[in-house]
Amino acid sequence: MTPSTMAPDTGTRKPDTAHVRDIDKSSVREASSIELQGLHKRFGKTTIALDGVDLTIEAGEFFTLLGPSGCGKTTLLRILAGLEEPDAGRLKIGGRDITDTPPHKRSVNTVFQSYALFPHLSVRDNLAFGLRMRGMPLERRNAKVAEIAEFIQLGDLVERRVDQLSGGQRQRIALARALVCEPDVLLLDEPLSALDAGLRSQLQVELLRVQKRLGMTFIFVTHDQQEAMVMSDRIAVLDSGIIQQVGPPRDVYERPVNAFVARFMGHDNLYRITARGEGGRLSTELGELHCESPGAGELLLVRPETLDLLPGEQPGKNRLLATVGERLYRGSHAEYRLDIGGTSLQATVNNRGRHLPEVGERVTVAVAAEDLVTLGQ
Amino acid sequence: MRKRNLQRGLSAFWWLTLAFLYLPLVVVVVFSFNATNSAAHFTGVSLRWYRRLLGNEEILSAFANSMILAITSSVIALVIGCLIGYGMYRHRHRKLGWLIVLIYLPIVLPDIVFGISEMTFFVQIHRLTGLLQPGLETMIIAHVTFQIPFVALIVYSRFVGLDPSLFEAAKDLYASPWQRALHFMLPTIKPALISAFFLSFTLSIDDFVISFFTAGPESATLPIYIWGAIRKGVSPEINAIATLMIGAVAIAAVLSLLFSYRRPTRSTANHRRGTEESEP
């Protein structure tokens, strides 16, 4: 038995890293940066898919385009692949303008959401397709295919027919088929969305590992903010064809720039600021709170996991008196809906064996000034 | 009890239908081996009529015409129909329902109307230009005309059944337009092309009405020959030709079915096996 036929990710790590290092030396080219300037795209007369996108993606970055369906993320990816033409704007990869280059002449490969494996070809011929179209001689092609099959641990799948594969196997073949071409940039269009949760998180880890080892620039499209945060070096959040925010996962999650980004990242605790005082003092729907470094925005974000619940009434600075409205016990933590003078506030409390307040109980909510963020509409 | 009776009734109905369809064919086949000239009494088995058939110059030439006509027209229809089918697929988002109706029309039009219009058309062309003298040439054109819609629809439905991102994957994997046609599209629709060819072939061999109106004096096909011969009375020789044609058409129809169904059935079987293997 070859190592690759055993279960992935557990016992095979050591021998696996050994041959991975060989690949690193022999076949990895310099990763490429990407520059998008003023991209516009419209479908029909009314639907605006992209409304002026400027973006620079660094070489070797795992970059994620995140947003709800119809936000333009897939259109942006398709423009990068050359499958869609922008109405305006330029597109550069590695400093070279490729706006007018047809897809089959771009050193960019895509992992499609449906995997798009050719049904008339075996797995091996699917993997070799890109190399064959570029006219690589058979022997080198076979060597490359064998190399990538080992790298992605495909094992004996190579001999199979495409219709004999399960979803997770197809996903890996699709990834290998794109990687074997050694593109400047790899595009991934929601590649994990068709898989069930367990397989999905396993492949997330695998995908990350592949990207780090090859040092290739990956552009990843997803609508799942959890997935985006796990995978990415940087995230761009899109809505209605406009980039709302670009930054590392922590920035986007902890310091969203506007209400859309905050809500999309899963935050519900947004409160209107009614007045501002000295030293970061803010009057809000919740009451008076101090924010360490308030910005100009008119909304205050209170993240549920930054809140502490103290028993009884213990007033003070950055403390609010509340009544427990609802409690969802989740084992590792509990989620609370608190009622503060008619305004509702969500809190997440880690279960460390302390007293978990009951519904109807009076509690005091404490929050640190540095955890409060102001943001725009 | 009642349910059983219903079952029996339905089953009897099914066999009755089959009998209506196939008994006449069986009679023709049986009488083609008849030892005497009688169409009423079967007097013994002989290959006499088949031997007579092989000696009949007229029949052999009619057979050759039928084959040339069927093969040539099917090949031409395959090329044109394939291009039309692909075109229909490529531009399927452009509200081309009317085009599909347009291409269906010849299929639903009565053969006799179609045949007469073809004839009138060819006569006019001949009168004006001297080209297209009635004969094999005009018959081929006429046959291609009614075969095209079938080919186009078979090819179109095969393309529609494909994952559209396959076309993009081919582009993405460095295939130029010609390479896409050669290495992706043609191999992918091959089963559809083969089944379309056999269907066209069967339609052409089958056709009498349209051939009759577009044929010339030298280009009688088997059905036309039979039509002429039958006016002098049904001879066992005709039964022999009919038997051979039943055989030929049956083979072509079976091949056509085989090729159109082979891929899906095999892949579902394999898929079932594949999932068992891959998920132990």
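Every number here is computed from the coordinates shown, using simple stated rules; none is lab data. This is a predicted model, so every value here is computed, not measured. Glycine gets a Cβ as well: all are built from the backbone with ideal geometry, and neighbour counts include every protein chain shown.
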**Item:** Test item: Cα-centred dipole of the protein assembly as shown, Lys/Arg +1 and Asp/Glu -1 on Cβ, debye
**Value:** 1980 debye
**Request:** Identify all lysines with a Cα-Cα distance to A:LYS212 below 17 Å; exclude those on the same chain that are fewer than 8 residues away in sequence.
**Result:** A:LYS14, A:LYS25
**Prompt:** Other chains' Cβ within 10 Å of A:92-103 residues: what's the mean?
**Reply:** 1
**Prompt:** Among rounded, prolate and oblate, which fits the stretch A:149-222 when a ≥ b ≥ c are the square roots of the eigenvalues of its C-alpha gyration tensor, a/c under 1.5 means rounded, and a/b larger than b/c means prolate?
**Reply:** oblate
**Asked** Which of the aspartates and glutamates could a cross-linker bridge to A:LYS144, judged by Cα under 14 Å and excluding same-chain residues fewer than eight apart?
**Response** A:ASP22, A:ASP24, A:ASP125, A:GLU182
**Asked** Based on the Cβ-Cβ distance from B:ASP111 to A:GLN226, what FRET efficiency comes out when R0 is 56 Å, to the nearest 0.05?
**Response** 0.30
**Message:** Around A:ALA116, under 12 Å between beta carbons, what's the net of Lys plus Arg minus Asp minus Glu among the other residues?
**Reply:** -1
**Asked** Going by the alpha-carbon gyration tensor, a ≥ b ≥ c the square roots of its eigenvalues, is chain B rounded (a/c under 1.5) or, if a/c is not under 1.5, prolate (a/b greater than b/c) versus oblate?
**Response** oblate
**Asked** What residue among B:LEU53, B:LEU6, B:ALA196 has its Cα farthest toward the positive end of the dipole of the protein assembly as shown, where the charges are +1 on Lys, Arg and -1 on Asp, Glu, each on the Cβ?
**Response** B:LEU53
**Asked** Against the longest principal axis of chain B, how steep is helix B:111-129, in degrees 0 to 90 to the nearest 10, with axes from Cα atoms?
**Response** 90 degrees
**Relative contact order (percent, whole number), the stretch A:71-192, Cα cutoff 8 Å, 6+ residue spacing** = 37 percent
**Request:** Quote the FRET efficiency, to the nearest 0.05, computed for A:ASP125 versus B:ALA40 with a Förster distance R0 of 60 Å and r equal to the Cβ-Cβ distance.
**Result:** 0.45
**Item:** Where labels lie 7 Å past Cα in the beta-carbon direction, separation of A:ASP339 and A:SER114 in nm
**Value:** 5.1 nm
**Fill in**
With +1 at each Lys and Arg Cβ and -1 at each Asp and Glu Cβ, the charge dipole magnitude of the stretch A:145-294 around its Cα centre, to the nearest 20 debye, comes out at 60 debye
**Prompt:** Can you list the lysines whose alpha carbon is less than 18 Å from that of A:LYS105, not counting same-chain residues fewer than 8 positions off?
**Reply:** A:LYS92, B:LYS171
**Request:** For chain A, just say rounded, prolate or oblate: build the C-alpha gyration tensor, square-root its eigenvalues into a ≥ b ≥ c, call rounded for a/c under 1.5, and beyond that prolate if a/b exceeds b/c, oblate if not.
**Result:** prolate
**Request:** Compute the longest continuous run of chain B that contains no exposed trypsin sites (Lys or Arg not before Pro); treat a site as exposed when its DSSP state is not H, G, I, E or B and it has at most 11 other Cβ atoms within 10 Å.
**Result:** B:96-230
**Request:** Evaluate E = 1/(1 + (r/R0)^6) for B:HIS91 and A:GLU326, where r is the Cβ-Cβ distance and R0 equals 51 Å; express this FRET efficiency to the nearest 0.05.
**Result:** 0.40
**Message:** Contact order normalised by length for the stretch B:67-265, with contacts defined as Cα pairs under 8 Å and 6 or more residues apart; what percent is it?
**Reply:** 33 percent
**Message:** Which one, A:VAL257, A:LEU309, A:ALA143, is farthest towards the positive end of the dipole of chain A when Lys and Arg carry +1 and Asp and Glu -1 on their Cβ?
**Reply:** A:ALA143
**Request:** With +1 on each Lys and Arg Cβ and -1 on each Asp and Glu Cβ, and nothing else charged, work out how big the dipole of the stretch B:67-265 is about its Cα centre, in Debye to the nearest 20.
**Result:** 560 debye
**DSSP beta bridges in the protein assembly as shown [antiparallel fraction, %, rounded to 5]** = 75 percent
**Charge dipole (the stretch B:67-265, unit charges on Cβ, about Cα centre) - positive-most of B:LEU166, B:GLN179, B:PHE212** = B:LEU166
**Asked** What is the antiparallel percent of DSSP beta bridges lying wholly in chain A, to the nearest 5?
**Response** 75 percent
